[in-house]
Amino acid sequence: MAKPLRLLLFEGPGGVDRFRAALISRQWSLLVNTSEEECGATWPSLRETWRKKQVARIDLHGPDDPAAESEGADQTISGSDWQARVITDELRPSRRMVIVETAQIVVGIGAGTQGEEPPPGRQRALVIDAGWTHVPSFPDREDVRSYLAGAIRSAAGRVHFVTDLPWDVRLFESVARELGRESAAHPVLVGGSTGRKLWLARQILPQIDEPDTVLIGLVPGRDERGLFQRLRSDFAEKTSSVRAFPTAPLSTGPGQSRDEALESVGLWLPTRVLIAAGPISEQVLLARHLEESTRGSPVTVGVAGGEYRLPDFDLIRNTDAGHRVSGAGRQRGVASRAGLVVVTYGRDENAVSLSGTGLADNVQTVLPKIHVNRRGKTPEQLVREVEMAFTSRGLPVPAVRFLG
């Protein structure tokens, strides 16, 4: 019997082009956005894995050279018992995806264009990013170019463009050159955590005068909109011309919108889906959206930060570089010791009562904070909502049962 394919997720948050992953089978391992040296330095327990196997590496980051980006050439990489295809999106060249085919399984990372059936005897799984799925849709590249051109033409002073996407900076500078207004264009590329991006953006406040225009091309997460609104207010104190995404389409985005994520799942049905990037709240909401939108279809949704597992994956998630990576067997052991939560109807017609036994201290502490409204929900939906409440907090999910 062939050894099951193993998917290691080294980092989840961020775009699909940012998280680091490895797919490992009996004879080979494929590293995505990382290297043997980087993995060995951070996770010493994995050094032996790379030494014993044939190793290939794929970098999904968009090319730095604009000419190479425009070419969008696809790549094919082959090993002894696997083949990987790197594909560039035609409309959004900065977004790349990879299809990995082995004797056991076909895996798509950030993939949404491959709808053909997998070869007989193979299962199919799709790894997608939840970091951008709260954005309803992204504009085409030419729409963004047209918008930037209009902003530069109409500006009385300088145009400050704040973004965390290098390809948006290149597009902005290209448009400014075409219009002969390079001196008026001031791109501000920020990076790091959300807090650091906001701090870097505020460093240009002393440079802004009333005639200037500020374009904020940062996309806040669902839980970060208040922080970004305050950033917009800070700029508005300096100039009345401030425009922020998603009010105006300033980016084609590196990840998938919600509609694109659903479309990619539809192209891959039947499939198993692993949501392996983005804030855990976004992951859970996207998982719920996919489950509800594909009801009746053979789709299994997994969330990297919780107890949702793909049955045929040996899923490993490393949350602490100082500890040895734990496997799915250990995760199942943690879940089995997490105790029992009983869901019953409360006294109020919309209330639900939760009681537990054998719960870990951190789970018992969270239980009173979980509030579920039963209006219009079946017992199965109530159970799933309680399970998601634990998952969204990164806790092992106890057994949840409904008692009518």
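Just so it is clear, none of the values below were taken in a lab; they were calculated from the coordinates. Predicted model only: the values in this text are computed from it and were never measured. Cβ coordinates were reconstructed from backbone atoms using ideal geometry, including for glycine residues, and neighbour counts include every protein chain displayed.
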Open item on the list: In whole Hz and in residue order, list the ³J(HN,Hα) couplings for segment 126-140 that follow from phi through the Karplus curve 6.51 cos²θ - 1.76 cosθ + 1.60, θ = phi - 60°; x for Gly and Pro.
Closed with: 10, 9, 10, 10, 9, x, 10, 6, 7, 8, x, 6, 10, x, 6
Open item on the list: If amide hydrogens are placed 1.01 Å from N in the peptide plane, which non-local residues have theirs closer than 5 Å to the one on Val400?
Closed with: Val341
Task: Set of lysines with alpha-carbon distance to Lys197 below 17 Å, sequence-local pairs under 8 removed - done: none
Task: Per-residue HN-Hα couplings for segment 353-370 [Karplus 6.51, -1.76, 1.60; θ = phi - 60°; Hz; x = Gly/Pro] - done: 9, 10, 9, x, 9, x, 7, 5, 4, 5, 6, 4, 5, 6, 3, x, 8, 8
- [ ] Please report how far the C-alpha centroid of segment 174-219 lies from that of segment 131-155, rounded to the nearest whole angstrom.
- [x] 15 Å
TODO: Return the tail of the calculated pair distribution for segment 141-244, meaning the percent of Cα-Cα pairs more than 23 Å apart.
DONE: 22 percent
- [ ] Would you calculate the separation in nanometres between label points at Arg232 and Glu182, each defined as 7 Å from the Cα along the Cα-to-beta-carbon direction?
- [x] 3.3 nm
Task: Spatially proximal lysines relative to Lys369 (Cα-Cα < 24 Å; intrachain offsets below 8 disregarded) - done: Lys377
- [ ] Report, by chain and number, residues whose modeled amide H sits under 5 Å from the one on Gly278, excluding near sequence neighbours (fewer than 5 apart, same chain).
- [x] Gly14, Ala130, Gly131
Open item on the list: For Leu126, what residues show an amide H to amide H distance below 5 Å, using hydrogens built from the backbone and excluding near sequence neighbours?
Closed with: Gly108, Arg272, Val273, Leu274
TODO: Quick one: dipole size for segment 141-244, taken about the Cα centre, charges +1 on Lys/Arg Cβ and -1 on Asp/Glu Cβ, in debye to the nearest 20.
DONE: 140 debye
TODO: Count charges around Pro279 for me, please; just the other residues with Cβ under 9 Å from its Cβ, Lys/Arg as +1, Asp/Glu as -1.
DONE: -2
Task: Protection proxy ranking, peptides 358-368, 27-37, average beta carbon neighbours within 10 Å, highest first - done: 27-37, 358-368
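Ranked highest first by average number of other Cβ atoms within 10 Å, how do 41-49, 166-174 line up?
On the way: 41-49: 14.2, 166-174: 19.2.
Packing order, densest peptide first, comes out as 166-174, 41-49.
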- [ ] Tabulate in residue order the Karplus-calculated ³J(HN,Hα) for segment 220-225, using 6.51 cos²θ - 1.76 cosθ + 1.60 with θ = phi - 60°, rounded to whole Hz; enter x for Gly and Pro.
- [x] x, x, 4, 8, 10, 5
